[in-house]
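All of the numbers you see were taken from the coordinates with simple rules; none came from a lab. Every value quoted in this text rests on a predicted model; they were computed, and no experiment measured them. Virtual Cβ from ideal backbone geometry, glycine too; neighbours counted across all protein chains shown.
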Amino acid sequence: MTELWCLSALEASDLLKKGEVSPLEMVEASAARIDETDDSLNAMPTRCYDRACDHARRMMDGKTPAYDGPGALHGLPLAVKELEDVAGVRTTYGSRFFADHVPETSDIMVERLEQRGAIVMGKSNVPEYGAGGNSFNEVLGVARNPWDQQRSPGGSSGGSAAALAAGQVPIATGSDLGGSLRIPASFCGVVGYRPTPGVVAKGPDPGCFADMPVVGPMARDVPDTAFMLDAMTGTDHRDPLSRAEPHVPFLDQVHRALDNGDVPGRIGYSPDLKVTPVDAEVDALCRAGLRQLEVLGCEITDTDLDLSDGPEAFHTFRALGFATGHEHELLSDPDKLKPENRWNTRKGLDLTIEEVIRANRARGAVYHRVTAFFADHDVLAVPSTIVPAIPTHMRYLKELNGHTFGNYVDWIILTSVITLTACPAISIPCGFTASGLPVGLQLVGRSHSDGQLLGWSAVAERLFGLAQGLPIDPRGEPGRYPDPEPEPHGD
């Protein structure tokens, strides 16, 4: 039999469902792979093997309620992002304020995944409070990319992406405000899916009416991602934005698209949305991937879609969220916050009503412009990241093609402006650079088109033929820890 850590989520779930492999065997295989690979990767710095084994034994003894609906995970090992509470497991959010925090209850998403058969193996690494495109923090250290351990796995769901690529787990949770599901997926050659807000219930959260932050699935291919998403969906009274499961499960929609070879009729591609420079090799790989879809009858066009009014609006809403979540930390002990988060929280506290009004108007304009784009296109395609994985010692990318980025967020703006639209978006691998680093293609669908977008993405993924290259053994020697001293104001 193929080693259990090499199996896809669907392959492993099938064996578990048939009783050919036990949940405890899957847990033990996952633990062994984590122990084998994570001393250098630091993707899963907090592990809860005893809890996982206890959960597996309870499943095997019939002491946990069986779930047989869509997304029944049947005992699959799961990595949970360090931002999400797991009952009885140290959860720091990457912050020194919470270095010894052990929550008594799990958050909504973790509860649901465990109820539907997932077994939590541990917590995956993040930047402090999930802020930034490089996963390092002062509590848990720096996570590294399995494709090149001197490179970052991205952020903020970097530990989850690295754990998937290295075969530590078959499924992992992530969250996404500015691109935290899509950026690590691109850097690590896996799949990260940002669902329509409300598809996955989140929290409980003081900012429960905010629709820009979402939680979602990560896996090594699109069918596994859809399978996991089915396990995550459904209403919960603790999240006012949550919505019911789809009438047709997401995985069924993916299988139907794969069976029929469905592709979108027309894809509009923009390398930059007129908001950022992009590395030429990244642009070329995205274009080459899209050209393959033309063989299946998909029309690929260049689009001049202009979202240049989006970055300012995104920064305003992001800052407002930081002030909502972290005012107490900034005012009580600012030195415990990394400089970037001090800056972002202070920016939120200093916002004027005029700035908030302007951001609301700009976001509405961006949404209606994208809606008009979808009147004669089925999918918007853009790079997931403007560069391949950055070195671990870079806190963030500061310059590209002569353009200087003004702060730690501007270099990830290609995902951030898509967040403003509330449209579903996915990152799938589309190629490798000359130096062997994966590059992700970001596909964006119409509002509420999650199942359709996942189906089309699965067909594209099968055509690109890269998913079967995972998981991998970590490559290269670990890089050094990031420089902890950025510019004085944290930009």
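General remarks:
- Residue range of the chain that is longest and free of GluC sites (Glu not before Pro) which are both DSSP loop and sparsely packed (at most 13 other C-beta within 10 Å): 105-491
- The alpha carbon centroids of the range 16-33 and the range 173-191 are separated by 26 Å.
- Cα gyration tensor shape of the range 73-223, rounded if a/c is under 1.5, else prolate or oblate by comparing a/b with b/c: rounded
- Long-range HN-HN contacts of Leu441 with modeled amide H, under 5 Å: Ser384, Ile428, Cys430
- Over the chain, DSSP H runs of length four or greater, each weighted -39,500 (n - 2.57), average out per residue to a 222 nm ellipticity of -11500 deg cm²/dmol.
- Semi-axes of the equivalent ellipsoid of the range 103-162 are 24, 14, 9 Å, computed as sqrt(5λ) over the eigenvalues of the C-alpha gyration tensor in descending order.
- Span from the the range 67-115 Cα centroid across to the the range 358-380 one, whole angstrom: 35
- For the range 119-133, the Karplus equation 6.51 cos²θ - 1.76 cosθ + 1.60, evaluated at θ = phi - 60°, returns couplings of 10, 6, 8, x, 10, 8, 5, 8, x, 3, 6, x, 9, x, x Hz by residue, with Gly and Pro reported as x.
- Averaging 1/r across all pairs of distinct Cα atoms in the chain and inverting the result yields a Kirkwood radius of 22.0 Å.
- Projected area, mean over directions - the range 1-111, Cα convex hull, nm²: 7.8
- Prolate/oblate/rounded label for the range 350-423 (Cα gyration tensor, a/c 1.5): oblate
- Environment charge of Pro383, counting only residues whose C-beta is closer than 13 Å and scoring Lys/Arg +1, Asp/Glu -1: -2
- Candidate aspartates and glutamates - alpha carbon under 15 Å from Lys274, same-chain residues fewer than 8 apart omitted: Asp283, Asp302, Asp304, Asp306, Asp309, Glu312, Asp410
- Global geometry of the range 59-111, whether rounded, prolate or oblate, following the gyration tensor of its Cα atoms and the 1.5 cut on a/c: prolate
- Straight-line cross-link reach from Lys81 at under 23 Å between alpha-carbon atoms covers these lysines, not counting any fewer than eight positions away in the same chain: Lys123, Lys202, Lys336, Lys338.
- Other residues lying with their Cβ under 13 Å from the Cβ of Tyr67 contribute a combined charge of -2, Lys and Arg counting +1, Asp and Glu -1.
- Using θ = phi - 60° and Karplus 6.51 cos²θ - 1.76 cosθ + 1.60, couplings along the range 45-55 (whole Hz; Gly, Pro as x): x, 10, 10, 10, 5, 4, 4, 5, 5, 4, 4
- Counted by Cβ distance under 15 Å from Leu305, the other residues give a net charge of -3, where Lys and Arg count +1 and Asp and Glu count -1.
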